[in-house]
Amino acid sequence: MAMIFWLTVAFGTSVLGNNNSELVNLSKSDTKKLIGGEIVITESRETENTEQTYSLNALINAPIKVVYDVIVDYESYNDFMPNIENVEVTEISDSTSYMDYTILLPLNYKKYYRVRMLHKFTETEANISWKLVKYPTYIEPVKTIRNTTGYWTLSKYEDSDYTTLLEYHIYTDPGEIPFGCGWIVDFLTKQQLPNILNALRNRVSQITKE
């Protein structure tokens with residue numbers, strides 16, 4: 001089934017401005033939950049297939065450069081990102097990277113795929129986007145994903161050098177799923193969104209304390 005989620009989290013309770021509900025498209029009720037540190041998720045079901053789309057917004061109490069450096073430290077993902085067994089960067093330049101992902105799921109089930117990352121950084125904003133590209137060797141359809149694209153965008157929140165507004169958007173189609181393993185669809189996306197967010201938050205917090 002196709003699903004759209006908006007997941008929004010604030011780190012800290014004193015960084016939200018009066019315009020934040022408009023900024024992240026939240027109701028007053030959800031904004032109140034946001035200020036209280038809750039995760040706010042809105043779900044919309046559309047078609048009956050495995051495609052899923054999610055958007056995440058967050059305020060992180062750290063400079064853009066710190067958050068950006070954590071996100072583009074791809075080969076360290078297996079140290080802090082959930083279910084990533086390995087990331088191998090095969091090509092890299094100032095603005096483009098190619099990398100091979102190995103995702104480890106319960107029951108020792110694995111998925112393999114390659115993405116192209118485009119990244120751009122300035123002092124006031126940054127963008128990291130990706131799309132699926134052809135894997136260098138043949139992989140059985142059941143052991144890879146059919147498609148994924150997405151992006152991270154980072155910007156200063158209300159011109160603060162120490163608060164970063166983050167948007168995370170992902171489209172994914174897990175593709176062929178073994179019989180009886182439909183749980184993989186939600187596990188790869190819906191169930192992992194809070195874990196991905198918390199992993200990034202913890203990594204940023206760890207670095208800012210060093």
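Read the figures in this text as sums done on the coordinates, not as results from a lab. Remember, it's a predicted structure, so these values are computed and weren't measured experimentally. Methodologically, a virtual Cβ is constructed for each residue, glycine included, from the backbone with ideal geometry; neighbour enumeration extends over all protein chains shown.
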Item to complete: Once you've got the Cα coordinates, tell me which of K65/K111; K111/K134; K65/K209; K120/K143 are over 25 Å apart.
Response: K65/K111; K120/K143
Fill in: Sites K156 and D73, calculated FRET efficiency, Cβ-Cβ separation with R0 25 Å, nearest 0.05
0.75
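Stretched out fully, how many nm does the piece from V133 to N147 gain, at 0.36 nm a residue minus the Cα gap?
Details: separation 14, 0.36 × 14 = 5.04 nm, distance 0.86 nm.
Between V133 and N147, full extension yields 4.2 nm more.
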Worksheet entry | Label zone at Y109, where the point sits 7 Å out along the Cα-to-Cβ direction: the range 193-208 residues whose backbone N lies under 13 Å | none
Response to the item:
Expressed in nanometres to one decimal, the distance between label points 7 Å along Cα→Cβ at T102 and K65 is 3.5 nm
Item to complete: For K28, go through the lysines and keep the ones whose alpha-carbon is under 30 Å away, minus same-chain ones fewer than eight residues off.
Response: K156, K190
